[in-house]
Amino acid sequence: MSVWLLCALFFSLIGLTEQNGHPAPIEEVKVYSEESYCALSDCGAWLLSVTWRDKFAENNKSKKVSYDIEVLRTEQMRTVHYETIHVMPDKTSYYHWKWTSPIPLQCTSHSVRLRRHNEHHIGEWTPLYTHKGQDLNAETATVYPHDQVFMVGSNITFCCIVDTDKVPLSEFLIRISNRTYITKPVPFESPGGPDIICDIEGNASAGSTIFIGYPPDDQNLTCITRNLSSVECHWKTGRNTHLIVNRKTNYTLNGRVCEFGKCFIHTETKQVTNWTLIAKNPLGVKTLTDTADPAHRVWLRAPNNISHVAYARKVSLCWSWNEEKYALFPMICQVKLNGSIYNKTFNGVGLSSAVLLNLQPFATYTAQVRCGSLKHFYKWGDWSEITKFSTKEDIPEAVDVWIHYSEKKTYVLWKPLTQQQSHGKITGYEITIGNPKAGSRKIKVLNTELCYNITSGKEKSDQIITVSAKNSAGLSPPSTIIVPSYPDNEVDISRINSSNGGFEMSWEEFPNSTCGYVVEWFPTYNKTHCAVEWEKIPECDTWNQSGIFEAGVRYTVSVYACTDDSPKLLKRSEGYAIEKKPGKVENLKAENKERNVKLYWDEFPLEQQNGFIQGYKVITLLSGSETIIDMAFTKEPKVNLKLDPGSYTFRVSAFTSGGEGDYATIGMKVEESIYQMIANTIVSCSAATLVIIIITVLCYRKRKWLKTLLCPDIPEPKLAGKWITKAIYCTHMTEGYLKCEIQEVSSLEHPAMSGSLRGLDLIRSKSKVVPGQHFYKNISESPADVSHCSVEKLTSIIENPSYNMTIPEPVCVAQISDLTLEMQYGYLPAPNFVQNNYVVKDSDGYKPQSAYPTNE
């Protein structure tokens with residue numbers, strides 16, 4: 001029986017899982033899209049969902065079932081996604097798969113097919129199941145996606161559906177169907193709302209707008225109670241989402257819709273409560289939670305209707321509450337007085353009043369109040385509105401009194417009270433002057449007076465002086481000081497140096513001092529009776545004050561010891577807190593005696609010095625220039641100078657540690673005395689005479705050397721070769737006279753002559769005019785010495801180069817040996833004309849031939 005049952009079961013399983021020898025097919029396949037969030041319909045779907053039923057998987061519950069899923073673009077039949085999934089068998093046999101497309105599903109149709117497989121068998125593909133795109137029936141050009149929200153950093157692919165015969169002209173370059181073109185992925189790195197335009201042929205265009213932003217980033221959810229009956233929750237926004245209108249973030253608190261930043265829930269205040277805030281926008285969801293007991297999160301509201309009742313030194317503040325439950329709530333309150341927290345807190349159940357003590361009389365105040373929980377303090381509540389009040393007057397404080405001696409008079413002085421010290425408006429002062437013998441008298445002084453002359457001339461004993469200030473509340477406590485009948489003002493006055501724009505003094509401790517010391521100061525010059533300042537110092541022996549002294553003013557600073565009797569003067573000094581440069585030197589005058597010049601001027605008055613005069617600077621310049629001849633310094637208002645004759649300008653200025661003052665100017669001409677001039681003349685002439693004598697002696701002793709240096713001997717030329725010793729040139733003149741010139745010339749046959757020196761002659765000549773008969777007589781006596789005239793140029797080489805010279809070519813030269821011409825050395829009148837004649841030698845001897853024809 002069991003065998004038959006097993007067989008029947010086996011055949012029944014085969015009948016369920018196989019049809020015609022194959023596994024049961026995949027059934028009920030559905031393909032659809034899921035729309036993304038957008039304000040309009042059909043703005044762009046990216047999620048493709050596929051569901052199916054598989055009975056084979058239902059009957060194989062113990063094993064995983066695998067499916068191959070392929071997604072294609074229908075028109076091009078191009079695979080865009082292929083995936084294998086593994087699922088566990090489900091009792092319902094229904095399975096669901098989702099795929100996110102890189103482009104909106106409206107751009108073109110997408111088809112899906114599936115097949116089952118395992119390790120031993122791969123099933124058949126199901127038929128194609130198609131999700132239709134809008135490119136099949138779009139009537140106008142359309143761009144996808146549009147009006148959708150994307151996160152910053154997204155890369156988005158856009159598609160443009162156009163007519164079949166049209167082509168986009170812009171970034172839509174990739175064609176995926178007959179009517180659809182897509183872009184490359186476009187990155188968006190910043191938030192905003194960009195527009196995408198698809199330009200089409202024929203001046204047509206289509207476009208879309210998308211929104212780039214962030215998901216919610218809210219933080220710090222805190223829930224508190226303010227009225228003790230409801231909870232108020234607050235939170236802070238994080239990063240700006242950049243999404244507005246219907247894309248902004250929506251909030252719900254424990255399921256109740258809330259506005260941003262604040263949400264109210266009625267709840268019990270005596271139990272721990274959980275609060276959950278959900279912030280949601282198209283890009284994401286943010287969840288915040290908070291847990292607390294509302295009784296521990298009490299934040300009280302501000303008090304209302306605050307009022308006051310003021311006195312001289314205190315005030316009572318009262319207020320009310322708008323919340324009924326505050327009347328039974330334990331609270332602690334705080335007061336802000338004149339912008340500062342009052343040094344005391346106030347507490348109580350339903351507290352509504354407080355008293356402030358130790359206030360300043362006759363002063364104006366402002367006050368605010370806030371409260372918090374006394375048992376479980378969480379935070380201070382809101383401040384109330386400001387209330388303003390003024391305290392009433394009270395008697396003034398005691399005034400600070402001092403005495404001052406000036407010009408044999410005694411003055412009592414007091415400092416004006418400040419607003420905090422006066423406790424009201426001061427209407428005057430009351431002075432009491434008394435002594436043990438003569439009784440006392442009272443004097444009333446106006447509120448504008450700060451000193452009073454108490455000298456009467458009849459003081460024979462010490463006087464007791466009291467001063468009180470008066471206002472509407474009464475007199476201040478009296479301030480007392482003892483004035484001695486014979487004041488001790490005899491001390492040496494020392495000089496005090498400045499310290500950081502002020503004064504610093506020290507003194508020896510006085511053993512009888514019972515109430516410290518008093519330092520007094522006032523301008524040494526041009527002071528009024530009340531221009532005295534003082535400072536009371538406790539038990540110490542130094543004083544330093546700065547920042548209150550006027551520059552260039554001399555002050556007198558005194559130190560008194562405060563005793564049970566009258567003040568005792570210990571030390572007195574004078575000085576400048578800040579020195580300035582002095583003024584201009586006045587009344588500058590000059591005197592001179594010969595070369596000695598004396599300058600003097602007026603001293604600066606002490607009240608005009610502006611500082612301690614350290615000295616004077618005297619500058620001497622040449623008149624009309626800035627050339628400094630001399631610079632002198634002196635501490636006295638005079639100076640003596642010794643100058644050479646000339647015109648001078650003198651500049652005199654004073655200087656302190658604060659600088660140099662303006663200079664005064666005076667001019668003077670310094671002349672030399674007659675005695676000095678005579679002495680200078682004698683000295684000059686003596687010096688010149690001495691120089692001439694020395695030069696004469698030296699020239700005489702060195703005369704030969706000077707002659708050699710200035711007029712050297714001219715050396716005679718050294719002649720070489722054969723020379724014509726003498727030659728004569730004669731020129732016939734009128735009236736029977738001849739002009740004859742005797743010359744010595746060198747021979748033409750000089751062995752050392754070079755080609756460059758040829759044509760150069762040396763001629764020494766003497767010329768005389770004599771009667772013709774004398775010349776012919778001498779010629780006839782010595783005919784043998786007359787040679788034929790040479791018509792060639794005579795040239796000579798002389799060893800002394802300075803004697804080389806060239807002579808012009810003569811008409812004729814006659815050589816005469818040992819010829820002696822006897823010539824007259826007397827004066828011969830010059831002929832009317834001169835004709836050139838030359839000597840001609842023939843067979844009969846020399847005969848002069850005229851160049852002009854004769855009548856012979």
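The values are calculated or read from the model by the stated rules, or taken from the named source; none is laboratory data. Keep in mind that what you see is a predicted model, and the values were worked out from it rather than measured. Methodologically, a virtual Cβ is constructed for each residue, glycine included, from the backbone with ideal geometry; neighbour enumeration extends over all protein chains shown. These area figures cover heavy atoms from the full protein model, side chains too; ligands, DNA and RNA do not enter into them. Shrake-Rupley method; radii C 1.70, N 1.55, O 1.52, S 1.80 Å.
Here are some notes:
- The stretch 489-605 shape via C-alpha gyration tensor axes, a/c threshold 1.5: prolate
- Long-range amide H partners of Ser499 with built H, under 5 Å: Glu504
- Per-residue 3J(HN,Hα) values for the stretch 557-574, derived from phi via the Karplus relation 6.51 cos²θ - 1.76 cosθ + 1.60 with θ = phi - 60°, read 10, 10, 10, 10, 8, 8, 10, 5, 9, 6, x, 10, 6, 9, 7, 9, 9, 10 Hz in sequence order (x marks Gly and Pro).
- Entries in Lys617/Lys669; Lys589/Lys635; Lys589/Lys617; Lys325/Lys388 that, when Cα-Cα distance is taken, lie over 23 Å: Lys325/Lys388
- Label point distance in nm, Ser320-Thr79, each placed 7 Å from Cα along Cα→Cβ: 8.5
- Accessible surface of the stretch 499-604, 1.4 Å probe, proportion on carbon and sulfur as whole %: 41
- The distance separating the Cα centre of the stretch 652-713 from that of the stretch 244-263 comes to 113 Å.
- Relative contact order (%) - criterion: Cα under 8 Å, at least six apart; region: the stretch 247-325: 22
- For Ala302, the residues whose amide H sits under 5 Å from its own are Asp382, ignoring neighbours fewer than 5 places away on the same chain, with H placed 1.01 Å from N.
- Reported to the nearest whole Å, the Cα centre-to-centre distance from the stretch 593-642 to the stretch 537-578 is 36.
- Theoretical gain in end-to-end length, Glu385 to Ile265 [0.36 nm per residue, Cα-Cα removed]: 40.4 nm
- Pair Glu550, Trp97: separation of 7 Å Cα→Cβ label points (nm): 10.4
- In nm, spacing of pseudo-spin labels at Lys415 and Lys236 (7 Å Cα→C-beta vector): 5.0
- Pairs of Lys in the stretch 519-583 closer than 28 Å at Cα, counting only those 8 or more apart or on different chains: 8
- Three-way shape label, the stretch 517-584, alpha-carbon gyration tensor, a/c 1.5: prolate
- Gain in span if fully extended, Lys527 to Phe633, counting 0.36 nm per residue against the direct Cα distance: 34.8 nm
- The alpha carbon gyration tensor of the stretch 205-347 gives principal lengths a ≥ b ≥ c with a/c of 1.5 or higher and a/b greater than b/c, which makes the shape prolate.
- Stretching the chain fully between Asn587 and Asp602 yields a gain of 4.8 nm (0.36 nm per residue, less the alpha carbon separation).
- When only Cα pairs below 8 angstrom with a gap of at least 6 residues are kept, the stretch 555-692 shows a relative contact order of 24 percent.
- For the stretch 642-652, the Karplus equation 6.51 cos²θ - 1.76 cosθ + 1.60, evaluated at θ = phi - 60°, returns couplings of 10, 10, 6, x, x, 9, 10, 10, 10, 10, 10 Hz by residue, with Gly and Pro reported as x.
- Over all Cα atoms in the stretch 503-543, the spread is summed up by Rg and Dmax: 12.3, 35 Å.
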